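The values are calculated or read from the model by the stated rules, or taken from the named source; none is laboratory data. Since the model is a prediction, treat every value here as computed from it, not as a measurement. Heads up, the Cβs are rebuilt from the backbone with ideal geometry, glycines too, and the neighbour counts pull from every protein chain shown.
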Amino acid sequence: MARLRQFALPLIAVAALGLLAAIAATGAEAVSLYELAVYLLAGGLLSFGLTVAVARWLRRGHGPLWLQLTLTASCGVVVALVNALLTVQAMLFSSDDLPRLLLLLLFAGVISLALGVSLAATIGHRVGALNQGARTIAGGDLSARVSVGGSDELAALATEFNRMASLLAEGAAERERQEAARRELVAAVSHDLRTPLASLRALTDALADGVVDDPATAARYYATMRGQIDHLSALIDDLFELAQLDAGVLRLECVALDPADLVSDTLNSLRPQAAAHGVDLIGSAERSPQALVAPQKIERVLYNLVANAIRHTPPGGNVRVSIRPWERTPPGAPASTLVLFEVTDTGEGIAAEDLPHIFERFYRGEKSRSRATGGAGLGLAIARGIVEAHGGQIWAESERGRGTTVRFTVPSA
């Protein structure tokens, strides 16, 4: 019903205007108003019926696009010819003028059809290019692009198509990179699991076979086994925590506390390791508000950052951990005070090509995530996940040979 009104209302308006124009041109005494209205109504009904039939056919989408556009132009020509003949019958024009009128209408129709066919060919070519591009992408070639010309809706569609293809290509490249990183992580974790397990097996076999009968040597074997078990436990904890972060199910029980206590506890637990490496640990804190954090999780972040800094700082260097208020907020966000933690070392620094990626899951840089210098490269990824779960941010600044500074923020209480 809505589509019927869409065609009928304009048709009634055109018929009424045509009737008024005919009366004005011929005079009411020259022609019967009744007959004139009948002829105009007949022409309108024929035009309406033809238009509705063509519109229904077009909605079904049968035939190629060029044929649909050509048929639309032809429909306009036929409507004009039919109404011209009815106009002559209504004696609005002399029958002697009919050949000239038909000739003019045919000339206009040929021009209209030519333009319609040209437009149909142009649109069909551009749509065909989009179709071919879609087929190419569906076939796996994400480098396919469609030439953009003009400023109409098809040009806008081609632009969006190219943007979609670029996003798909970027997504595929990122997935490939992540998959390669996952494979490397599996290899690294397999190595880190296999080495302590092989050591444990050798030590237990030696003890079980009675090879070691010296109490001092046996005690040393047991101490080595405990160390390997601790290494395995830490690695499993890392993998479990990373899985929780990936799944978004990490539970945080936040409390308000003095952030200096977190720094003090972390430095005290790592002083033996720092002393073994000949690295000095320094802690400093400005007057800052209490932090609203999960204590064990933030201690884990500090532990990972400080331990990583110790590993990459040569003997005689130092690692400094400091705290201060942080009032920088994103544009448009309400003003708030955060707590900023800084871990600065005097180590070899991080290469510029590695720096943007050191917090990514499964990323292993040449130095900062090297298996030889500690772990499977999960510590910084876990640190980022924990900080972001608190609603904070973490970032690093480094220069080759000039050390590294890692900063992160947490909400204040």
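Rundown of residues vs (1) surrounded by fewer than 13 Cβ atoms within 10 Å (Cβ to Cβ); (2) at pLDDT 85 or above; (3) over 24 Å from Asn308 (Cα atoms), yes/no style:
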| position | (1), (2), (3) |
| --- | --- |
| Ala198 | yes, yes, yes |
| Asp205 | yes, yes, yes |
| Asp230 | yes, no, no |
| Ala243 | yes, no, no |
| Leu250 | no, no, no |
| Ala260 | no, yes, no |
| Pro272 | yes, yes, no |
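In the set (1) basic (Lys, Arg); (2) within 30 Å of Leu71 (Cβ to Cβ); (3) in contact (Cβ under 8 Å) with a residue 40 or more places away in the chain, the condition left unmet by Arg182 is number (2).
Outside the structural domain of Arg407 (by TED's automatic domain parsing), surrounded by fewer than 13 Cβ atoms within 10 Å (Cβ to Cβ) and not in a helix (DSSP H, G or I): which single residue out of Val186, Val211 fits that description?
Details: Val186 fails: not in a helix (DSSP H, G or I).
Exactly one of Val186, Val211 is outside the structural domain of Arg407 (by TED's automatic domain parsing), surrounded by fewer than 13 Cβ atoms within 10 Å (Cβ to Cβ) and not in a helix (DSSP H, G or I), namely Val211.
How many of the residues in the range 303-322 are in a helix (DSSP H, G or I) and out of contact with any strand residue (DSSP E or B) (no Cβ under 7 Å at 6 or more places or on another chain)?
5
Name every residue in the range 243-264 that is part of a helix (DSSP H, G or I) and farther than 18 Å from Pro325 by Cα, in order of residue number.
Let us first name the residues in the range 243-264 that are part of a helix (DSSP H, G or I), namely 243-247, 259-264.
If the condition is that a residue be part of a helix (DSSP H, G or I) and farther than 18 Å from Pro325 by Cα, then Ala243, Gln244, Leu245, Asp246, Ala247 are the ones that fit.
Just checking, does the range 162-180 include any residue being of a type in the set (Gly, Ala, Ser), within 25 Å of Leu119 (Cβ to Cβ), in contact with a Leu (Cβ under 7 Å, 6 or more places away or on another chain) and surrounded by 13 or more Cβ atoms within 10 Å (Cβ to Cβ)? No, because not a single residue in the range 162-180 is of a type in the set (Gly, Ala, Ser), within 25 Å of Leu119 (Cβ to Cβ), in contact with a Leu (Cβ under 7 Å, 6 or more places away or on another chain) and surrounded by 13 or more Cβ atoms within 10 Å (Cβ to Cβ).
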